[in-house]
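Below you'll find the structure, written out as structure tokens, and then a few comments.
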């Protein structure tokens, strides 16, 4: 049975991806801070491990990976948006919070996965976001960290090449989650959205490739998003 660890698995994209892999017979490590939410995702699945950990805390991340054991795939997904606003309206605490989760957290999880994959190979899939390429208004913290994830993905691809470790990035735009619904309500701007299940199918495709193949970058988004072209 293939084994995948999903971070940010308690809600949104992470929870949907975790459920999709559970339903398709993978052994899934569900990693996030909220045990009760993780247990709801894991309910009725014997192939689920609940791993309570904060991705910003090095010791908790290592303990979660140790508890999960052998790993074939990491879906490096945990992230936070932060408070929207122009840069001069953003408190330094917000910047530190978003960097800690979106960048340091993804670094720590990738580091643990990479170390365990050295012996037998494996695959790391980073959640980059459309914001890894083009910004959303009033999202300086999120946009900056997601651009950084593209650099992390490229570096892991290069450093893992000789070790049989693949790394790819899925850039997701406007999947229907609680986070996006809240953002749309907060800004008052209607957002074109797609079903989050379509994201899970994309991650499954990337994760199921044979060792000699890799999707370096995949973009999956709501068709009507203003990503291509100029307004």
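Coordinate-derived values only; no laboratory data. Keep in mind the model is a prediction, meaning the values are calculated, not measured. Using ideal geometry, Cβ is built from the backbone for each residue, glycine included, and neighbour counts are taken over all protein chains shown.
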Query raised in the report: Relative contact order, percent, of the stretch 154-199 when contacts are C-alpha pairs under 8 Å separated by at least 6 residues?
Result: 33 percent
Report summary line: Among the stretch 197-231, those whose backbone N falls under 14 Å of a label point 7 Å along Cα→Cβ from residue 133 are 216-230
Query raised in the report: So what is the relative contact order of the chain, in percent, for Cα pairs below 8 Å that sit 6 or more residues apart?
Result: 18 percent
Requested in this report: Pick out which of 77, 214, 127 has the largest mean-square fluctuation in a Gaussian network model of the chain, springs linking Cα atoms closer than 10 Å.
Outcome: 214
Query - GNM flexibility winner over the chain from 76, 102, 47 (Cα, springs under 10 Å) - result: 47
Report summary line: Expected unfolding gain across residue 195-residue 228 under the 0.36 nm per residue rule, minus the alpha-carbon gap, is 9.9 nm
Report task. Quick one: angle between helix 12-23 and the longest Cα principal axis of the chain, in degrees between 0 and 90, rounded to 10, please. Result -> 30 degrees
Requested in this report: Classify the stretch 190-231 as rounded, prolate or oblate from the Cα gyration tensor: take a ≥ b ≥ c as the square roots of its eigenvalues, call it rounded if a/c is under 1.5, otherwise prolate when a/b beats b/c and oblate if not.
Outcome: oblate
Query raised in the report: So which residue, out of 173, 121, 151, gets the largest mean-square fluctuation from a GNM of the chain using Cα contacts under 10 Å as springs?
Result: 151
Query raised in the report: Helix 178-187 versus the longest principal axis of the chain: what is the Cα-based angle in degrees, 0 to 90, to the nearest 10?
Result: 10 degrees
Requested in this report: Report, in deg cm²/dmol and to the nearest 500, the calculated mean residue ellipticity at 222 nm for the chain, where each DSSP H run with n ≥ 4 adds -39500 (n - 2.57) and the sum is divided by the residue count.
Outcome: -12500 deg cm²/dmol
Report task. Report relative contact order for the stretch 68-181 in percent, whole number only (criteria: Cα-Cα under 8 Å, sequence separation at least 6). Result -> 32 percent
Requested in this report: With everything on Cα atoms, drop me the angle between helix 58-68 and the longest principal axis of the chain, reported from 0 to 90° to the nearest 10.
Outcome: 50 degrees
Report task. Return the distance in nm (one decimal) between the two label points of a simple spin-label model at residue 154 and residue 209, each offset 7 Å from Cα along Cα→Cβ. Result -> 1.8 nm
Query raised in the report: What Kirkwood hydrodynamic radius do you get for the chain when you take the inverse of the mean 1/r over all pairs of distinct Cα atoms, in Å?
Result: 17.7 Å
